[in-house]
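FYI, it's all coordinate maths here, none of it is from the lab. All of these numbers come straight from a predicted model, not from anything done at the bench. Cβ coordinates were reconstructed from backbone atoms using ideal geometry, including for glycine residues, and neighbour counts include every protein chain displayed.
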Amino acid sequence: MLDVAVIGVPDERWGESGVAVVVPRDPQTFDPEDVIAFCQDKLARYKIPKQAVVRAELPRNAAGKVLKRVLKDEITLSP
């Protein structure tokens with residue numbers, strides 16, 4: 001993976017759940033489920049992202065910080 005950001009999105013059951021937004025090195029061989037499987041024995045159960053989304057790049061500000069609000073808005077609006 002080249003880049004990863006984890007954001008919280010609305011969830012009916014928990015109020016909010018995590019989504020990993022991933023920029024893979026090789027999109028053809030990348031499986032989003034691998035991210036979740038990797039986290040299984042490294043994070044507490046409630047911290048494991050419920051889903052992983054692939055993107056070509058992460059939005060950043062002029063200082064290079066990931067714009068999580070933009071990601072959250074885009075992920076929440078997608079079907």
* Asked: So what J values fall out for segment 25-31 if you push phi through Karplus, 6.51 cos²θ - 1.76 cosθ + 1.60 with θ = phi - 60°, rounded to Hz, Gly and Pro as x?
  -> 5, 10, x, 5, 9, 7, 10
* Percent RCO, i.e. relative contact order, over the chain, from Cα pairs under 8 Å lying at least 6 residues apart -> 31
* **³J(HN,Hα) computed for each position of segment 40-53 - Karplus, 6.51 cos²θ - 1.76 cosθ + 1.60, integer Hz, glycine/proline x** => 3, 9, 10, 10, 4, 4, 6, 8, 6, x, 7, 7, 10, 10
* Quick one: which residues, 5 or more positions from VAL53 or on another chain, have an amide H under 5 Å from its amide H? H modelled 1.01 Å from N in the peptide plane, none for Pro or chain starts. => ALA20, VAL21, VAL22
* Asked: Which residue, chosen from ALA63, ALA52, VAL21, occupies the Cα position most advanced towards the positive end of the dipole of the chain, where the dipole is computed from +1 (Lys, Arg) and -1 (Asp, Glu) charges on Cβ about the Cα centre?
  -> ALA63
* To do: Report the GluC sites (Glu not before Pro) located in segment 1-63 that are in a DSSP loop and have at most 10 other Cβ atoms inside 10 Å of their Cβ, or state none.
  => GLU12, GLU57
